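Okay, so here's the structure we're looking at.
Bear in mind these aren't lab numbers, they're just calculated from the coordinates by the rules spelled out. Treat the numbers as computed from the prediction; the structure is a model and nothing was measured. Note that each Cβ is placed from the backbone with ideal geometry, even for glycine, and that neighbours are counted across all protein chains shown.
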Amino acid sequence: MDHVTVVAHPLVQHKLTIMRNRETSTAGFRRLLKEISLLLAYEVTRELDMTTVEIETPLCPMTAPTLEGKKLALISILRAGNGLLDGILELIPAARVGFIGLYRDPVTLQPVQYYCKVPDMLDSRMCIVVDPMLATGNSSAAAVSLLKDRGARNIRFLCLLAAPEGIARMRAAHPDVPIVTAAVDSHLNDHGYIVPGLGDAGDRMFGTK
Ligand code: URA
């Protein structure tokens, strides 16, 4: 997989435009995020390992393709990652799920972990880390490091929007982790928001300010 894949599918781009619009309601934003996450999940799972299984159709025996190996692990970076998680779980209901909570230390500005609960045997699962906004990339890089410390080797990062700064940070820290996104925007502003972006993804999906 390339280091960055932009999913240019017309449905993804159309839905993203509605999500960017400040007039879109919280309910609409949440519904669209769920819909778009199904389409992004389709792309990010393109290279799952396959094997075959012997089955019998109503007509005859058949050697048929099936997924190989352990159930994949979806890792949500709290809290906005949960918006992507819901949709992906509809497509991959058997996936194992983990959560990583990080906050930014006000003095060092570095991410500090406040919560971590992830599935076991990460070394034999594909891990898909989900966070709608790849902004500075600091928390994303920290979350991936944490998963690697716990044995994960086959990791993908799935987001809705990415800033060039976040992509560069991830490429420097984790060149082995492909990124799948619906768009790469122009830049980060002084407050670390993606421009043009869609604002604070957590606030928009949960209706907080
Ligand atoms: N997080 C968000 O929710 N939005 C941004 O633009 C950047 C980080």
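Under the combined filter of DSSP loop state and at most 13 neighbouring Cβ atoms within 10 Å, the stretch 15-107 retains these GluC sites (Glu not before Pro): 23, 47, 68. Full extension of the chain between residue 59 and residue 150 gives 28.1 nm of extra length, using 0.36 nm per residue less the Cα-Cα distance.
If you put +1 on each Lys and Arg Cβ and -1 on each Asp and Glu Cβ, how big is the dipole of the chain around its Cα centre, in Debye rounded to 20? Intermediate results must be reported in sequence, preceding the final value.
Details: 22 positive and 22 negative charges, 98 e Å.
Here the chain has a charge dipole of around 480 debye.
With each label modelled as a point 7 angstrom along the Cα→C-beta vector, the residue 103-residue 2 pair spans 3.9 nm.
The convex hull of the Cα atoms of the chain, projected and averaged over all directions, covers 13.1 nm².
Comparing 164, 130, 112 along the charge dipole axis of the stretch 4-206, the residue lying farthest to the positive side is 112, per the Cβ-charge model.
Residue separation of residue 27 and residue 66 scaled by 0.36 nm, minus their Cα-Cα distance, works out to 10.4 nm of gained length.
Order by neighbour count: 140, 124, 186, 76, fewest other Cβ atoms within 10 Å first, most last.
The most exposed by this proxy come first: 186, 124, 76, 140.
With an 8 Å cut-off on Cα pairs and a minimum separation of 6 or more residues, tell me the relative contact order of the stretch 4-206 in percent.
Over the stretch 4-206, the number comes to 23 percent.
Take every DSSP beta bridge whose two residues both sit in the chain; close to 40 percent of them are antiparallel.
Given the pairs 70/209; 15/70; 15/209; 15/148; 34/71, which are separated by over 29 angstrom at their Cα positions? Distance filter (> 29 Å) returns 70/209; 15/70; 15/148.
Long hydrophobic helices in the chain: the complete DSSP H runs spanning 18 Å or more by Cα along their own axis with mean Kyte-Doolittle hydropathy of at least 0.0 are 26-44.
Can you return the aspartates and glutamates within cross-link range of residue 117? Criterion is Cα-Cα under 14 Å, with same-chain partners fewer than 8 residues away left out. Output for residue 117: 149.
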